[in-house]
Amino acid sequence: MKHHSTNKSIFIIFLLIPLAAGALSALFTGNMSGSYASFTKPSFAPPGILFPIIWTILYLFMGVSSYIVAQSDHPDKLLALRTYFIQLFFNFMWSILFFGLSNYLQIPYLFWCIFAAILNFAVYLLN
């Protein structure tokens, strides 16, 4: 793998993409902790407060990993990034679908954010 200098702006963007996906998912889902608390759960289920902490850490790891992949010269780089963004989309949608949309007026905003993310990624790839 060829060594690339770290572009801080691009690195920050790659960190923010999964964090934004998680934050928007939480925004659209509403009070997940209240819903989660009301579920019958197995004995090994962690307390609800751990989920946002763990997901934030995982989103940061995803951002760093995707940046490393994007900076690589590997021939499968684009396939890896496409796969990453597809899984990030499903990750984004999971809480919304599982806990339900609490505010249907946010749906147009959701689609606009998805379009904007795809547009930004396409511009990045082309430049």
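The values are calculated or read from the model by the stated rules, or taken from the named source; none is laboratory data. As the structure is a computational prediction, the values presented were derived from the model and not from experiment. Cβ: placed from backbone, ideal geometry, glycine included. Neighbour counts: every protein chain shown.
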message: Quick test for you: out of 88, 101, 110, 58, pick the one residue that is hydrophobic (A, V, I, L, M, F, W, C), in a loop (DSSP other than H, G, I, E, B) and either surrounded by 11 or more Cβ atoms within 10 Å (Cβ to Cβ) or modelled with pLDDT of 85 or more (or both).
response: 101
- prompt: Any idea which of (1) over 19 Å from residue 116 (Cα atoms); (2) of a type in the set (D, E, K, R); (3) part of a helix (DSSP H, G or I) is the one residue 82 doesn't satisfy?
  reply: (1)
field: Residue among 44, 51 that alone is free of Cβ contacts under 8 Å to residues at least 40 places away in the same chain, in a helix (DSSP H, G or I) and farther than 28 Å from residue 10 by Cβ
entry: 51
task: Give 96, 12 a once-over and let me know the one that is part of a helix (DSSP H, G or I), out of contact with any strand residue (DSSP E or B) (no Cβ under 8 Å at 6 or more places or on another chain) and modelled with pLDDT of 85 or more.
output: 12
